[in-house]
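Asks: Submitted below is the structure of interest, expressed as structure tokens.
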Amino acid sequence: MNRKLYWILLTLITFALLGLVFLQTQWLKNAWKVKEDHFSLKVNQAMSEIAKAVETQETIVEVTSEIFSVDYDIKRSNNISRIFGTRYTPQDSLKPQYLLSRESISVKNDSGKNTNTQVTIATGDTILFSHILSTNQKDDIRKVLTADKTEKELVDKLSNKTLLVEKIVNKLLNYSDDFNRRIDKEVLISIITREMQNAGIGLSYEFAVKDSKGKVFVSSDRYNNDRAVHAYKTNLFPHDVFSDPFYLILYFPSKSNYIIHSMGYMGILSIFLTLVIIFSYGLLVYIIFRQKKLSEIKNDFVNNMTHELKTPISTISLAAQMLKDQSINDSFKNVDHIAGIISEESRRLGFQVEKVLRTAMMERSEIKLKIKQVDIHEIIITIVNNFELQVKNKGGTLSAHLNAKNPVIEADEHHMANVLMNLLENALKYCEKSPEIIISTRDITRGISVSVQDNGIGIKKEEQKKIFEKFYRVPTGNIHNVKGFGLGLSYVKSVVESHGGVIKVDSEPGTGSMFTLCLNKQLKTEPI
């Protein structure tokens, strides 16, 4: 794909995704706000009802306590009796300045007929009568009210009622500064719970009652002042005139979960789809970059393979031409030497082809291991003898420190030999001075450890995690001046892991590298 087109496509997809995520986020925020506002409305309505219920409860308590403590022997008939001693007609009325109480009483006359009379009690001892007669005989009221016994009972009732109302009103106006004396904590909790249930709110809540200065008078057991930043607040006694207000502070610990649940499946599905889109985009970008990287690796591999295969092919072709050239006298043709060159280059060509085929088979998991009892020391000695000449030609040394007491393991001899050969080849290729290579073994738990140490150029920390990837080659500059396909270490790791082992690398740039193989003695043993 054209590089410019690639970036244009990636940019368009990115902007489209960002726009979609932005719109989806705005929709979710608006849906959240609507649900939160609806929830807050229900809570505020419930708290208004709580305040009404608390004031009603306080009034009931005061009225009830006062009714049971009234002294019915107190009489104030002197001021009231004067009014009943005068003549009264339905048109007569006294104009009170302040009204405190209004009561209806029923009086029976001698004929057994009822007269309903409404009495309004004002400050002082002024009384206003208004009445509804159940009979058309208006003169009967005068007969009833002039009766001594009825007059005395009426005076007593009105006197007691006046005293009761005055005492209750005085108590309600003289507020207590101690909240706990006005309403009990358990009663308050029952009121809050009842009103929340009536509002359809079944969440657990925490509350506290504070004054305007923040002093806490009562609170729930788990109330946390730090979590009450966004709590709901209302005045419990809104009709108090002279006293400091008491505020009910209430919050819901699981409010967020409730709102999410109230959004229903649409909200959850929307969040899920948004996450899926974001994940898919990330995976798409990863695949695109990986394909781009693989394309570059493939091009490098083709170039390297062409170079690696072209060299032995050219050598073989040149040797064949020398043998066929009739202009060269047979006595000058060193047939054995030319045949040796052809044989060596053919072997080299076959080795490169086999390496590529081995990697392809390992990728498809088609490689078949021929497991048997092998002596790892014998394999190492054979390989050291084969590579010793190449090392000496570069002015280096190759030594073996075989310290393992039990070198026999279960492994595929052929692939294990190829693993060690790959490590030695890398030690030779990536060394810019006289190579010093050491192969050592030692016993470990359930197996044996084989190490190949060199004094090469070393590998950076960030590169060590990538060296076992297929086709990856450690950068040595703008040009790869070291031969190879980048398949050797990938093959090594695959073979070691297929034997249930692990491979480790310890390297520092400029000081060299050490590759360590940890192999099981028995193939069925758990990985080391």
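Asks: If a residue must be in contact (Cβ under 8 Å) with a residue 60 or more places away in the chain and over 20 Å from Phe289 (Cα atoms), how many such residues does the stretch 1-24 contain?
Replies: So the count comes out to 3.
Asks: I'm trying to understand the selection: among the residues of the stretch 292-318, which are farther than 30 Å from Leu10 by Cα and not aliphatic (A, V, I, L, M)? Reasoning before the result, please.
Replies: Step one: of the stretch 292-318, the residues farther than 30 Å from Leu10 by Cα are 304-318.
Answer for the stretch 292-318, where residues must be farther than 30 Å from Leu10 by Cα and not aliphatic (A, V, I, L, M): Asn304, Thr306, His307, Glu308, Lys310, Thr311, Pro312, Ser314, Thr315, Ser317.
Asks: Say we look at the stretch 490-524 and pick out the residues that are within 40 Å of the chain's Cα centre (by Cα) and outside any strand (DSSP E or B); which of these is nearest to Ile444 (Cα to Cα)?
Replies: Looking at the filtered set, the residue picked out is Gly501.
Asks: For a quick check of your reading of the model, give me the residue pairs whose first member lies in the stretch 282-303 and is surrounded by 11 or more Cβ atoms within 10 Å (Cβ to Cβ), whose second is among the hydroxyl-bearing types (Ser, Thr, Tyr) and modelled with pLDDT under 80, with beta-carbon atoms closer than 8 Å and at least 6 apart or on different chains.
Replies: From the stretch 282-303, the pairs are Ile288/Tyr6; Lys292/Tyr6; Ile297/Tyr472.
Asks: Quick check on the stretch 267-281: of everything there that is over 17 Å from the mean Cα position of the chain (by Cα) and touching a residue at least 24 places away in the same chain (Cβ under 8 Å), which residue is surrounded by the fewest Cβ atoms within 10 Å (Cβ to Cβ)? Write out each step before concluding.
Replies: At the first step, the residues of the stretch 267-281 found to be over 17 Å from the mean Cα position of the chain (by Cα) are 277, 280-281.
This time we only want the ones that are touching a residue at least 24 places away in the same chain (Cβ under 8 Å), so: 277, 281.
Values: Ile277: 14, Tyr281: 17.
Here the residue is Ile277.
Asks: Looking at (1) assigned to a helix (DSSP H, G or I); (2) under 20 Å from Tyr491 (Cβ atoms), which is the one condition that is false for Asn385?
Replies: Unmet condition: (2).
Asks: Would you confirm whether or not the stretch 423-441 contains a residue that is crowded, with 17+ Cβ neighbours inside 10 Å, under 22 Å from Leu523 (Cα atoms) and touching a Ser or Thr at 6+ places or on another chain (Cβ under 6 Å)?
Replies: The answer is yes; a qualifying residue exists.
Asks: Taking strands (runs of 3 or more DSSP E) that fall entirely within the stretch 207-316, which contain at least 3 residues that are hydrophobic (A, V, I, L, M, F, W, C) and under 21 Å from Asn44 (Cβ atoms)? So that I can check it myself, show each step before the final result.
Replies: Working: elements: 216-219, 232-235, 246-251.
Output list reads 246-251.
Asks: Let me confirm something: among Ser212, Ser243, which residue is out of contact with any helix residue (DSSP H, G or I) (no Cβ under 8 Å at 6 or more places or on another chain), within 17 Å of Asn180 (Cβ to Cβ) and in contact (Cβ under 8 Å) with a residue 12 or more places away in the chain? Full working, then the answer.
Replies: Working: Ser212 fails: within 17 Å of Asn180 (Cβ to Cβ).
After applying the criteria, what remains is Ser243.
The values are calculated or read from the model by the stated rules, or taken from the named source; none is laboratory data. In this text, all values refer to a predicted model and were calculated from it rather than measured experimentally. Please note: Cβ atoms are built from the backbone with ideal geometry, for glycine as well, and neighbour counts cover all protein chains shown.
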